[in-house]
Every structure is written in structure tokens, then in C-alpha cells.
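Student: This is the structure, below, for whatever I ask next.
The values are calculated or read from the model by the stated rules, or taken from the named source; none is laboratory data. Small disclaimer: the values here were computed from a predicted structure and weren't measured. Glycine gets a Cβ as well: all are built from the backbone with ideal geometry, and neighbour counts include every protein chain shown.
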Amino acid sequence: MLIQLSDAGKRFNRDWIFRHISYQFQSGDSYAIIGSNGSGKSTLLQVISGSMGTSEGKVSYSTNQQDIAPDAVFRQISIVAPYLEVIEEMTATEFLTFHSGFKPFIPGISIAEIIDVIGLSSHANKQIRFYSSGMKQRIKIAQAVFSDCAILLLDEPCTNFDKTGFALYNTLIETYAKNKLVIVSSNDEQEYHFCKHRISIADYK
């Protein structure tokens, strides 16, 4: 999988969030988008995901040297972000089952096993609305990491996590995301310490 930004820029009204980004993201590699709060990290991640268009330049996607249409690339992407919510009236089992109907999970692991891996087996049949914020974040992480997608986008993925949550996050990335194209948007090095490449949003103002 290859994502290529060509002289990409995004603005809101007259304010440029970033400009002139030309960069390639490739499968099997990991990237961090870093910068201060409000600098445009999440905006860049949304542009990369195809959920937000560029104001100039373009974003293109390909796999095995075959182009993927921008409106079809969502099938290749799983994402964790603070602005994305889970369905709180569902239990963890129901939610992950529902999600798998849109994006199947990686082969060889059941939903019950996923819930066990993230430490929520004893809460599997409890409605998510009764979960703590950290437990809800574990569900968000699970639906993204275990999705059978080539691209994993992580926007502040450890929000509401304690020390145990951070340890779980690192284990999930190391175990289940090795062959994916991973992009992390964060200003916390604990969330992107494993990334081989780092892109400072401040360099594109």
C-alpha cells in the first residue's frame, strides 16, 4: 500500500493549516505526525484518510502499482480518533460484531479472543455506556487494530489511558500491526515512540 501526498495543502477560510507537503507513506512502515495542540495534526490525518479534501495539491493511493480511487480507499483504512464514538447502547460483543460486518477482523482471531486480549472479558456483555473512559478507549483501539485493513491511522490513540492502557497499546501495535502502514498523530512521544519516521507539521506552515 502506498499513499502519496503531492504539494498538498489545506486551509480553512484564509488560514492555511499546512502547505506544500510532498511525502510518501508505505506499507510495513510507521510514521508520526507531530506538533503542538491545534497545529493541524488531526487535519492532516483526515486528509490522508480521504475523509477531508485538500485545498491544493492531491493525495493518491495505490496497491501493487494499481491506483485506488479516493472514494474507495476507506475499505483499506481503520482509524482511532477522539472525535469518533462507539455505539454505547451496545455491549462490547455486539459492537465488535456489528463493526465486523463492515470491516472483517484479521483472520484467525474471534471476537471473544479480541475482547480477552484487551482485558474486557468480564465486561463483554455489559453496555458500553457503563464503561469507564479508559475501557471505551480499549474498544476503539480494538476495532481499529484488529480490522483486516492495510492502513492504521491513530489520532491521539491513548486518550484516557493509564499506565496499563499504554502497555496494552504497545503490545497491540507490536503484535498485530507489524505489516500495516501505521500513521500516528500525537504530541505525546509515548504514543509514537515506535515510529521510524517523524513529520513535524510546523515544517509545512
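Student: Restricting to the stretch 130-157, name every residue that is more than 21 Å from Gly101 (Cβ to Cβ) and charged (D, E, K, R).
Tutor: Asp155, Glu156, listed by residue number.
Student: Sticking with this one: Of the residues Ile111, Ile33, which single one is out of contact with any Pro (no Cβ under 7 Å at 6 or more places or on another chain) and in contact (Cβ under 8 Å) with a residue 60 or more places away in the chain?
Tutor: Ile33 is the lone residue from the list that is out of contact with any Pro (no Cβ under 7 Å at 6 or more places or on another chain) and in contact (Cβ under 8 Å) with a residue 60 or more places away in the chain.
Student: I'd like to verify a number: residues in the stretch 36-86 that are in contact (Cβ under 8 Å) with a residue 60 or more places away in the chain, more than 20 Å from Ile21 (Cβ to Cβ) and touching a helix residue (DSSP H, G or I) at 6+ places or on another chain (Cβ under 7 Å), how many?
Tutor: Summing the residues that are in contact (Cβ under 8 Å) with a residue 60 or more places away in the chain, more than 20 Å from Ile21 (Cβ to Cβ) and touching a helix residue (DSSP H, G or I) at 6+ places or on another chain (Cβ under 7 Å) in the stretch 36-86 gives 2.
Student: Please enumerate the residues belonging to the stretch 2-19 that are of a type outside the set (Asp, Glu), at positive phi and in contact (Cβ under 8 Å) with a residue 24 or more places away in the chain.
Tutor: none
Student: Just wondering, is there one or more residues in the stretch 167-178 that are of a type outside the set (Gly, Ala, Ser), modelled with pLDDT of 95 or more, over 14 Å from Phe95 (Cα atoms) and touching a His at 6+ places or on another chain (Cβ under 7 Å)?
Tutor: Looking through the stretch 167-178, none of the residues is of a type outside the set (Gly, Ala, Ser), modelled with pLDDT of 95 or more, over 14 Å from Phe95 (Cα atoms) and touching a His at 6+ places or on another chain (Cβ under 7 Å).
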